[in-house]
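In what follows, a structure is listed as structure tokens, so that the remarks can point back to it.
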Amino acid sequence: MTEQPGRLAAYWERQLDKMDERELRHSRRLPGWRTRRRRRALTAALALADLGLIAGAAVFTTAGDWLFGAVWVGSALLGGVSFLLLRILTGRMSGGFSRLLDEREREWRHRVTYIGFQVLSYLMIAAMIYSLLVAHAEDGGLRGAMMISALLVTGTTVPSLLLGWSLPDDDPEDFEEGMRND
């Protein structure tokens, strides 16, 4: 039994090493997009997509299936692409644990995840109130579930939105230096 903790620790070290390698690969993608202007454009697109998901959930069953489908699917596609690109351009700072983050990046991540948690908490309260308001309407449970999912997605994108909007431009010399080290 004493061997198990050692094996588990070794397993987690291998997983963290794989995660580090993956993040290093992603950190070199899209060098021409690593400007504040590009990140802010993607942030605006992601915020618009989040609002589209919320609007789609609000009109669910009241405006017809085609309008809901167009708004929801369009917003999901726009939001997914914008979110993926923002995660690459922000160095995945809003993501999970990373041993590659320096002190400044860790501080940024802690700030935005704390704000994201607060926003998500308030959005879940709003979703609860919405669900209570539509509970007795036709398809009330389904409408409540759609709003909860839209607000949950919106809340989870807040850290990336904050980082995408507020991070300064990357230093081109740092990026070129990282490319030369390969």
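The values are calculated or read from the model by the stated rules, or taken from the named source; none is laboratory data. No experiment lies behind these values; they were computed from the predicted model shown. SASA here: full protein model, heavy atoms, side chains in, ligands and nucleic acids out. Shrake-Rupley method; radii C 1.70, N 1.55, O 1.52, S 1.80 Å.
Computed values, structure above
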item	result
Gyration tensor (alpha-carbon) shape descriptor, the range 119-166, a/c threshold 1.5	prolate
³J(HN,Hα) computed for each position of the range 5-17 - Karplus, 6.51 cos²θ - 1.76 cosθ + 1.60, integer Hz, glycine/proline x	x, x, 5, 5, 5, 5, 4, 5, 5, 5, 5, 5, 5
Vicinal HN-Hα couplings computed from phi for the range 120-125 (Karplus, 6.51 cos²θ - 1.76 cosθ + 1.60; Hz; Gly/Pro x)	4, 4, 5, 5, 5, 5
J(HN,Hα) series, the range 155-167, from Karplus relation 6.51 cos²θ - 1.76 cosθ + 1.60, nearest Hz, glycine and proline x	x, 6, 8, 4, x, 5, 4, 5, 5, x, 7, 9, 5
Heavy atoms of VAL59 accessible to a 1.4 Å probe, total area in Å² rounded to 10	40
